[in-house]
Amino acid sequence: MVTYSDATYKMMCSRIEKIEAIQQKIFKCLHESEIQLRQIAQEYADVGDLYGDYNQLDQPTERVLAKHHGWQWLLGKTNTKKETLTTENKEIEISVKFDDILVEKRVSFNEIIYVHEYQKRELEIGMKVLAQYNCHDAPGVFYTASVAEIPEQQNKYRYLLLFDDGTAAYVSEDKCFICPDQSFISSVNPTHKRFIQYYNKMYQEGGFKILDLSLQSTMLTEINGEWKLCPINFTDCNIANIQVSADQAEFVYCGSPRLAPIYHRLKTHLIV
């Protein structure tokens, strides 16, 4: 049996404690590696390219809301000032660095909103807007939608928005931005564009007939291309909270073609 002096034993114990402390740091580092890597990447991005244009560091950044992909827009910043975009150079691409993801993208003039210079105005039926949607639970993320109702007593003075993925929500005006490109409708739901056009036409002609789901407990609903009998949790004016899966519920407009009775009615008009 090997024996050690007291001094050697104390030194070994001290070394073991240091090794254990280092191991704990390694485990913690591995656990938090993604967060740390993001922080390091952000620090690098903030410093900028070593061989980049140093003049850009002196340029003030503008807060913007810009298209990321599909129907999703994100908050970010750009060095391109809005007043530099004249009618002659609106075809140029604008470089935007998004806040929550380490991605820089070039967007067109119709894919960006300068937040601090945005002039709010009253929304109209059929207008294309960008809005935050609580069901997606992502702060700083906006989605494209169409205005289906304007504030009135019957809807508790809120705007009804029909989002491009077929969901719906009541929102206040301060959560909306008017979309620069009013002709844009994403391809998230292939039948959505035709439905919105038909809805706007029927609204101008006197209204669009919807279902009363307040007394129903289930509804045959389209979920990702399939029809399923789904429970109705509750209704809020003209939208219904429908349980589309065991752990997910969605708000659906009571006149949406995602509901079987509406789908069959619109099918006779060749809308879906």
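The values are calculated or read from the model by the stated rules, or taken from the named source; none is laboratory data. What you see is a predicted model, and the numbers here were worked out from it, not measured in a lab. Positions of Cβ are generated from backbone atoms using ideal geometry, with glycine treated the same way; all protein chains shown enter the neighbour counts. Remember, those area values only see protein heavy atoms, side chains included, never the ligands or the DNA or RNA. Shrake-Rupley method; radii C 1.70, N 1.55, O 1.52, S 1.80 Å.
At a glance:
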{"item": "Test: Arg194 is out of contact with any strand residue (DSSP E or B) (no Cβ under 7 Å at 6 or more places or on another chain) and buried (at least 16 other Cβ atoms within 10 Å of the Cβ)", "result": "yes"}
{"item": "Residue list for the stretch 97-119, filter: surrounded by fewer than 19 Cβ atoms within 10 Å (Cβ to Cβ), part of a helix (DSSP H, G or I) and not β-branched (Val, Ile, Thr)", "result": "Phe109, Asn110, His116, Glu117"}
{"item": "Test: residue in the stretch 120-142 that is charged (D, E, K, R), buried (at least 16 other Cβ atoms within 10 Å of the Cβ) and under 19 Å from the mean Cα position of the chain (by Cα)", "result": "yes"}
{"item": "Odd one out for Thr87 among (1) within 30 Å of Leu130 (Cβ to Cβ); (2) part of a helix (DSSP H, G or I); (3) at pLDDT below 75", "result": "(2)"}
{"item": "Verdict on Gln36 being at pLDDT below 85, within 30 Å of Gln132 (Cα to Cα) and not in a loop (DSSP other than H, G, I, E, B)", "result": "yes"}
{"item": "Selection count where residues are modelled with pLDDT under 85 and either touching an Asp or Glu at 6+ places or on another chain (Cβ under 6 Å) or among the small types (Gly, Ala, Ser) (or both), scope the stretch 193-227", "result": "2"}
{"item": "Scan of the stretch 92-116 for residues that are out of contact with any Pro (no Cβ under 8 Å at 6 or more places or on another chain) and hydrophobic (A, V, I, L, M, F, W, C), ordered by number", "result": "Ile92, Ile94, Val96, Phe98, Ile101, Leu102, Val103, Val107, Val115"}
{"item": "Residues that are at negative phi and of a type in the set (A, V, I, L, M, F, W, C), drawn from the stretch 235-262", "result": "Ile239, Ala240, Ile242, Val244, Ala246, Ala249, Phe251, Val252, Cys254, Leu259, Ala260, Ile262"}
{"item": "Yes/no for Lys201 being in contact with a Ser or Thr (Cβ under 7 Å, 6 or more places away or on another chain) and open to solvent by 40 Å² or more (accessible area, probe 1.4 Å)", "result": "no"}
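Quick grid of which residues meet (1) crowded, with 17+ Cβ neighbours inside 10 Å; (2) within 24 Å of the chain's Cα centre (by Cα):
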site: Glu205; (1), (2): no, no
site: Gln216; (1), (2): no, no
site: Gly225; (1), (2): no, yes
site: Thr235; (1), (2): yes, yes
site: Ala246; (1), (2): no, yes
site: Glu250; (1), (2): yes, yes
site: Cys254; (1), (2): yes, yes
site: Arg258; (1), (2): yes, yes
site: His269; (1), (2): no, no
